[in-house]
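A short worksheet on the structure shown next.
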Amino acid sequence: MTMEDINEKILWEGYGLRFRGGTRTRTGLICRTDQGLRELKKPRGSVESLRLAFDVKEQLQKNGFCNISRFYRAMDEEPFYRHDGVLYTLEDVMPAEALPEESTEDFLRGAEILGRMHQAAKGLCSDAARWDRDRLPGLYAKRRGELAKMRRRNDKRGNYDAIDLLLIRHYDQFMGQVREAEELLQKGGYREALDRAAKAGAFCHNAYKGEALRVSEKGEIFVGSFDKCSSELPLADLAYYLRRYFKKTEGSSAGVAAMLERYGKYRPVSADDLTILQGMLVYPEKFLRLVNEYYNRRRACVSPAMQERLAAAAREEEKGRILKDIIEKGC
């Protein structure tokens, strides 16, 4: 069976649409159907995250945030269709041009849309929501324990490879940052903030960056890539986007202050929120994730590619501390 036959089968059996041909894009397949253009995708999220994403999009639309690509329900009423064990989603076609990430002004536009989107989730109630008051504190404590275990194991073995030495070089710094992140979450009242978010209706996009933001010919910004949504403080999206600002531009304290102001116009950020945000920023997420992957899948030969990825992640984590200090000093 050809791919065209498979696509035709998915559209007809899953959605009751006639397939008239398609164009492959980086994100999926834009299909011509008997009811207009649709984009068929293989989402990255789980069944539960897709169900949550559907409910999120419905609530956003209800509250006036309409520049999104809504999921079409399949004939079994699910917001996805399963074919041969693979999940597919069918969405409206998004504008092709991604929002640039080249200047502070680009990120200011993105921060404003992020604030509008988070505010428009107010009242969200989803059976797919899974709120966990200990998710981030538990994750941080787990990673701290893993980091200590890696160091003890290396010291006991005695012979170090390049990644062992990289871990030793950054151990004290990142162990300190994890402890600081835990303290900041507690000081800012993370668990209480999560309870309030769950009650008010909130979500975390988890992929808010340039390629998820599309600009129409009229200059309107549309948001896509909702397939990894989760029940988490929206501040996690803001922390990620601030990190991305420093990664993609030269960054500045004035730019951080302006992004917080643009975001806060729609979703106010309290003093406790800023404390939690600092904790999210100072936590060395990428480095710890990569080093944990390496030690869990350890090979006899250390690849140069893995060395470079970890070294780059270590450099990137420095920016997280800078961002935390900027916010602590009042931008």
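Remarks
- The chain, accessible area per residue, ligands and nucleic acids excluded (1.4 Å, Å²): 49 Å²
- In sequence order, region 283-290 has phi-based couplings of 5, x, 4, 5, 4, 5, 5, 5 Hz under the Karplus curve 6.51 cos²θ - 1.76 cosθ + 1.60, θ = phi - 60°, and Gly or Pro positions carry x.
- For region 14-25, 3J(HN,Hα) computed residue by residue from phi via the Karplus equation (6.51, -1.76, 1.60; θ = phi - 60°) reads x, 10, x, 10, 8, 8, 10, x, x, 10, 6, 10 Hz, glycine and proline entered as x.
- Residues of region 243-267 with amide N under 14 Å of the 7 Å Cα→Cβ point at residue 102: 249-250
- Fluctuation leader among 25, 249, 33 - the chain, Gaussian network, Cα springs under 10 angstrom: 25
- Nearest 10 degrees, 0 to 90: helix 271-282 Cα axis against the chain principal axis: 80 degrees
- Region 1-128, relative contact order in percent, only Cα pairs under 8 angstrom and at least six apart counted: 24 percent
- Solvent-accessible area, 1.4 Å probe, carbon plus sulfur percent, for region 129-177: 50 percent
- Coil-residue trypsin sites (Lys or Arg not before Pro) of region 125-168, DSSP, other Cβ within 10 Å capped at 14: 130, 133
- Residue-wise HN-Hα coupling along region 250-262, computed from phi with Karplus coefficients 6.51, -1.76, 1.60 (Hz; x: Gly, Pro): 6, x, 6, 5, 5, x, 4, 4, 5, 5, 5, 5, 4
- With Cα atoms, 0 to 90° folded angle of helix 190-200 axis to the chain main axis: 20 degrees
- Mean separation of Cα contacts under 8 Å (6+ apart) over length of the chain, as relative contact order %: 21 percent
- Farthest positive-ward along region 207-269 dipole, Cα basis, beta-carbon charges - from 252, 233, 264: 252
- Among 227, 237, 272, the residue with the largest mean-square fluctuation in a Gaussian network model of the chain, with springs joining Cα atoms closer than 10 Å, is 272.
- Choice from 168, 113, 221 showing the highest fluctuation, given a GNM over the chain with Cα pairs closer than 10 Å: 168
- Structure-based [θ]222 nm, the chain - -39500 (n - 2.57) summed over DSSP H runs of at least 4, per residue, nearest 500: -17500 deg cm²/dmol
- Taken over region 171-313, lysine pairs spaced eight or more positions apart, or on distinct chains, with alpha carbons under 19 Å apart number 7.
- Here the chain is treated with +1 on each Lys and Arg Cβ and -1 on each Asp and Glu Cβ, and its dipole about the Cα centre works out to around 840 debye.
- Here the label points at residue 76 and residue 252, each 7 Å from Cα along the C-beta direction, are separated by 5.4 nm in the simple model.
- Computed from Cα atoms, the angle from the helix 235-248 axis to the main principal axis of the chain rounds to 80 degrees.
The values are calculated or read from the model by the stated rules, or taken from the named source; none is laboratory data. Predicted, not measured: the structure shown is a model, and the values here were computed from it. Heads up, the Cβs are rebuilt from the backbone with ideal geometry, glycines too, and the neighbour counts pull from every protein chain shown. Protein only, heavy atoms only, side chains kept; ligands, DNA and RNA dropped before computing areas. Shrake-Rupley method; radii C 1.70, N 1.55, O 1.52, S 1.80 Å.
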